[in-house]
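Just below is one structure, and these are the notes that go with it.
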Amino acid sequence: MTEQADSGPMIEPIKASILLELEDEYTLARHPAPSHSLPVAHPKGILLPGLDKRISSVWVGGHVVGVGSLSEVGGATPAKRSLPLHVLATALLSSATSPEPDTLRNVYIIAPHALQTVPMLHALLANTISDSQAAIELLKPVRLLQYFDLAGIAESVAEVSDSLYRDSQKHERQCRTGHVHNLVLVQGIGPTVFATYRRSNLLQANALLASLCRNITQLSRSLGDILVMVEFLVEVEEADNMQQKQDAVRTRTARSMVLDSAFLGPRGETLRLASCHESLSRTLAASWDSVVAVHDGLGRITDNKSSEEYRDQVVEVIKDRSGNLTGLWDVWKEAR
């Protein structure tokens, strides 16, 4: 005997997935999900050609930015690979073409006496605009302060602070926070601090460095339109061999601080702050609002066909406590 089928309409069974979808729609209608927007380019930052526009948010007034690069032979960085020099050159070129007067009023370079920073900056500008005489004209706002030791850096910072204060009184206008009207570049601080530590002791060197870092921070905050860049050297250190003696490992790692890079070498290589004791490097890094490192991706972007003079580099924001750029990186094609 067969049962007669019901002639009524078929009702689709209620599934758990349908209830979940309805619940999600109800929740979103009453409590919209927070939007986690990606970082955007700062309208007041310095936009470097060939780099992600969002990285321009690092180069704004009222900040201290540590800029690290891989050390070359002799501990120097060529002009083509020096990110701080590219920042200075871009700011000088933008100021020359800006319709607003006094866009970039002052550029101060605090450098060791043996470092040829201004000639390298001139060469970079001349190579960019293909006019050596015009490049010399662009260097008029640049002032070089040279030093021999850590006390010389402190004196130079005090001189820059006094000069900028007098300049602000002369212009008699309220600065706008974020806009860069004054640029300060400090070079060679790592080896200088380490030399002080070798001549005296760790406690004295750390105390002098902490005082200097406070003065640099106060300088960047004094007007709100001052961008201070502190250049340091980065070294690549291989992963510790577990079979090595522990005292040898301590000796090696006590002289540098690990940088929290998003990159890791194929054999566990890491980036470290070079030419500095770990305690000193931590004191130095603690004073930076942002840290930007220029490296080769720990060997991950090396092109066998690229030459030593023209090669791509990774520009990575390792630290950004005033924004959300930490971990942002881009490949910088430095050959122009």
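The values are calculated or read from the model by the stated rules, or taken from the named source; none is laboratory data. For clarity, every value in this text was computed on a predicted model and none was experimentally measured. A quick note on method: Cβ atoms are made from the backbone with ideal geometry, for glycine too, and the neighbour counts reach across all protein chains shown.
Quick check, is Leu185 outside any helix (DSSP H, G or I), modelled with pLDDT of 90 or more, closer than 28 Å to Arg221 by Cα and not polar (S, T, N, Q)?
For Leu185, the condition - outside any helix (DSSP H, G or I), modelled with pLDDT of 90 or more, closer than 28 Å to Arg221 by Cα and not polar (S, T, N, Q) - is met.
Is there a residue being under 30 Å from Leu325 (Cα atoms), surrounded by fewer than 17 Cβ atoms within 10 Å (Cβ to Cβ) and at pLDDT 90 or above anywhere in the range 166-175?
no
Anything in the range 34-56 that is small (Gly, Ala, Ser) and either assigned to a helix (DSSP H, G or I) or modelled with pLDDT of 50 or more (or both)? List them, or say none.
Hits for the range 34-56 are Gly45, Gly50, Ser56.
Can you say whether Ser275 is within 29 Å of Leu51 (Cα to Cα), of a type outside the set (Lys, Arg) and at pLDDT below 75, as far as the supplied structure shows?
Here the answer is yes, as Ser275 does meet what is asked.
Any residue in the range 308-331 that is within 19 Å of Leu264 (Cβ to Cβ) and assigned to a loop (DSSP other than H, G, I, E, B) sitting within a Cβ distance under 8 Å of a residue that is modelled with pLDDT of 85 or more and among the β-branched types (Val, Ile, Thr)? List the pairs, counting only those 6 or more apart or interchain.
Pairs found: Thr326/Val317; Thr326/Ile318; Gly327/Val317; Leu328/Ile55; Leu328/Val317.
Look at the range 97-133 and say how many of its residues are surrounded by 15 or more Cβ atoms within 10 Å (Cβ to Cβ) and small (Gly, Ala, Ser).
3
Going through the range 96-126 one residue at a time, which ones are part of a helix (DSSP H, G or I) and modelled with pLDDT under 90?
Ala96, Thr97
Within the set of pairs 6+ apart or on separate chains, which have a first residue in the range 277-306 that is farther than 21 Å from Leu219 by Cα and among the charged types (D, E, K, R), a second that is modelled with pLDDT of 90 or more and surrounded by fewer than 20 Cβ atoms within 10 Å (Cβ to Cβ), and C-beta atoms under 7 Å apart?
Every condition considered, the pairs that remain are Asp296/Val314.
What are the residues in the range 128-142 that are closer than 24 Å to Val186 by Cα and at pLDDT 90 or above, if any?
Those that are closer than 24 Å to Val186 by Cα and at pLDDT 90 or above: Ala135, Ile136, Glu137, Leu138, Leu139, Lys140, Pro141, Val142.
Mind telling me which of the residues Ala135, Ala151 ends up being closer than 30 Å to Pro49 by Cα, more than 23 Å from the chain's Cα centre (by Cα) and either part of a loop (DSSP other than H, G, I, E, B) or of a type in the set (A, V, I, L, M, F, W, C) (or both)? Reasoning before the result, please.
Numbers: Ala151 fails: closer than 30 Å to Pro49 by Cα.
Step by step, each of Ala135, Ala151 is checked, and only Ala135 is closer than 30 Å to Pro49 by Cα, more than 23 Å from the chain's Cα centre (by Cα) and either part of a loop (DSSP other than H, G, I, E, B) or of a type in the set (A, V, I, L, M, F, W, C) (or both).
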